[in-house]
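Shown next, in structure tokens, is the structure this report addresses.
The values are calculated or read from the model by the stated rules, or taken from the named source; none is laboratory data. Here the structure is a predicted model, which is why all the values come from computation and not from measurement. As a convention, Cβ positions derive from the backbone with ideal geometry for all residues, glycine included, and neighbour counts pool all protein chains shown. All accessible areas refer to the heavy atoms of the entire protein, side chains included, with ligands and DNA or RNA removed. Shrake-Rupley method; radii C 1.70, N 1.55, O 1.52, S 1.80 Å.
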Amino acid sequence: MPEESIERVRAQFGRSASDYAESAFFAGGEDLHYLLELTRPEEHWNALDVATGAGHTALAFASRVHSVIATDVTREMLAETEVLARRKGLTNLKTRVADACDLPFPGNAFDLVTCRLGAHHFHDFRAAMEGCARVLRPGGVLGFADNITVEDARGAEYHNTIDRLRDPSHGRVLPLDELRTRIEAAGFVVEATKTLTKEFEFHRWADRQRVSRGNKRKLLDLFRTVPPELEPLFSPRWTEGTLYFSLWEVVLAARVPADS
């Protein structure tokens, strides 16, 4: 099952790697700003970016730390990361193919691990978080950002149904309380959180994942019948012939205890 999950991710994101490389949303965004602010990177740190995608998070941190290794399961994404690093003249960033749930690094190897908008694809969230804790030195920092859903179980499952139809490699987006509990269970102490609301136009959101015309129709039908529990999150609204909606995201900083 893990290998099947990884292959779905590779198939889904390999074909859209250039779209993510060119995306202003991933290159910047309020969440990246807060990720930098909450983790407070230092110049002597060695950092690891897990599930880097096209590398925008790794690139943002590379100018603030000693070194960054950007990892992903999708080679096409890492190729885009390398192109962007060369364009920016960054010489302290390296890439490596790696499964976030089985990190191929020794313990206590990094001062900082970042993971932005990738965790909802992980086939084993617990293994991924425990791996992040293992490779961090005592006192090391995790900078984490991902979409979150409502606490209501029915609403959360409806949300995940939408995400899976748009992106077959999607795993599960979690409610904030469950997400925080799972991160703490992996050995972290959560020190700061920031929740954000993001706005999307339907077709740009769907086209980034190459959604077929038929599945677009199905997705629009799902948005038209969003259950009341999800209304505060999605807030779907039709304007000028298209759908606009919202998503929630959390950015958090957590630390491995210094005496661990």
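Sequentially through region 245-254, phi angles give Karplus couplings (6.51, -1.76, 1.60; θ = phi - 60°) of 8, 10, 10, 9, 9, 10, 10, 9, 10, 9 Hz, Gly and Pro residues having no value and appearing as x.
Normalised by the number of residues in the chain, the average gap of Cα pairs under 8 Å and 6 or more apart makes the relative contact order 21 percent.
Taking the Cβ of residue 137 as the center, what net charge do the other residues with Cβ under 15 Å away carry, scoring Lys and Arg +1 and Asp and Glu -1? Mind showing how you got there, number by number?
Values: positive: 134, 255; negative: 42, 111, 259.
It works out to a net charge of -1.
Considering only Cα-Cα distances, which of the following residue pairs are longer than 32 Å: 88/216; 94/194; 88/198? Distance filter (> 32 Å) returns 88/216. Across region 89-94, coupling constants 3J(HN,Hα) worked out from phi with the 6.51/-1.76/1.60 Karplus curve, θ = phi - 60°, read x, 8, 10, 9, 10, 10 Hz, and Gly and Pro carry x. Taking every protein chain into account, the accessible area of the chain amounts to 45 square angstrom per residue (probe 1.4 Å).
Using a Gaussian network for the chain with springs between C-alpha atoms less than 10 Å apart, which of these wobbles most: 192, 47, 128? It is 192. Axis angle, to the nearest 10 degrees, between helix 125-135 and the longest C-alpha principal axis of the chain: 20 degrees. Between residue 149 and 174, 176, the built amide H atoms are under 5 Å apart, and every one of these is 5 or more places off in sequence or on another chain. This model, with +1 at the C-beta of Lys and Arg and -1 at the C-beta of Asp and Glu, gives the chain a dipole about its Cα centre of some 680 debye.
Converting the Cα gyration tensor eigenvalues of region 112-158 into ellipsoid dimensions via √(5λ) gives semi-axes, longest first, of 25, 11, 9 Å. Can you find, among 228, 183, 202, the residue sitting farthest towards the positive end of the charge dipole of region 179-260, where Lys and Arg contribute +1 and Asp and Glu -1 at Cβ? So the residue furthest toward the plus end is 202. Result for the chain in a Gaussian network model with C-alpha springs under 10 Å: among 93, 222, 36, the largest mean-square fluctuation is at 222. Overall, the accessible surface of the chain at a probe of 1.4 angstrom is composed of carbon and sulfur to the extent of 49 percent. The convex hull of the Cα atoms of region 46-186, projected and averaged over all directions, covers 8.4 nm². Note on the chain: Kirkwood radius taken over Cα pairs, Stokes-Einstein applied at 20 °C and 1.002 mPa s, translational D equal to 115 µm² s⁻¹.
Could you calculate the contour length gain from residue 189 to residue 88, that is, 0.36 nm times the residue separation minus the distance between their Cα atoms, to one decimal place in nm? It would help to have the intermediate numbers written out before the result.
Details: separation 101, 0.36 × 101 = 36.36 nm, distance 3.41 nm.
Here the answer is 32.9 nm.
Computed from backbone phi with θ = phi - 60° and the Karplus coefficients 6.51, -1.76 and 1.60, the 3J(HN,Hα) list for region 116-123 is 10, 6, x, 5, 6, 9, 5, 7 Hz; x is used for glycine and proline. Cα-based values for region 49-93, radius of gyration first and Dmax second, are 9.2, 25 Å. Both numbers refer to the Cα atoms of region 162-254; Rg and Dmax are 15.5, 48 Å.
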